[in-house]
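Okay, so here's the structure we're looking at.
The values are calculated or read from the model by the stated rules, or taken from the named source; none is laboratory data. Predicted model, so just to flag it, every value in this text is computed and none were measured. Glycine gets a Cβ as well: all are built from the backbone with ideal geometry, and neighbour counts include every protein chain shown.
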């Protein structure tokens, strides 16, 4: 890892977070929801509420990414 430029690692983590949240958003309406979401905060939420939580999380990840980039520049 290049300590003088941490942005590639931040970008990689940002992409991974967005991908994971996108997968979770699809899983809340999947036929096997209970198995896919076992041991997650979304297991007991209805699909609409879970999607809203995930959308808010995606927005938060995006905001944090922008913030980290601004701090690192």
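Observations on the structure shown:
- Within segment 23-37, if we keep just the residues that are surrounded by 15 or more Cβ atoms within 10 Å (Cβ to Cβ), free of Cβ contacts under 8 Å to residues at least 24 places away in the same chain and assigned to a helix (DSSP H, G or I), the residue that is farthest from the chain's Cα centre (by Cα) turns out to be 33.
- Among the residues making up segment 49-73, a single one is touching a helix residue (DSSP H, G or I) at 6+ places or on another chain (Cβ under 8 Å) and exposed (fewer than 12 other Cβ atoms within 10 Å of the Cβ): 72.
- Close pairs from segment 10-22: first surrounded by 13 or more Cβ atoms within 10 Å (Cβ to Cβ), partner modelled with pLDDT under 85, Cβ under 8 Å, at least 6 apart: 10/65; 10/68; 10/69; 10/72; 11/65; 14/65
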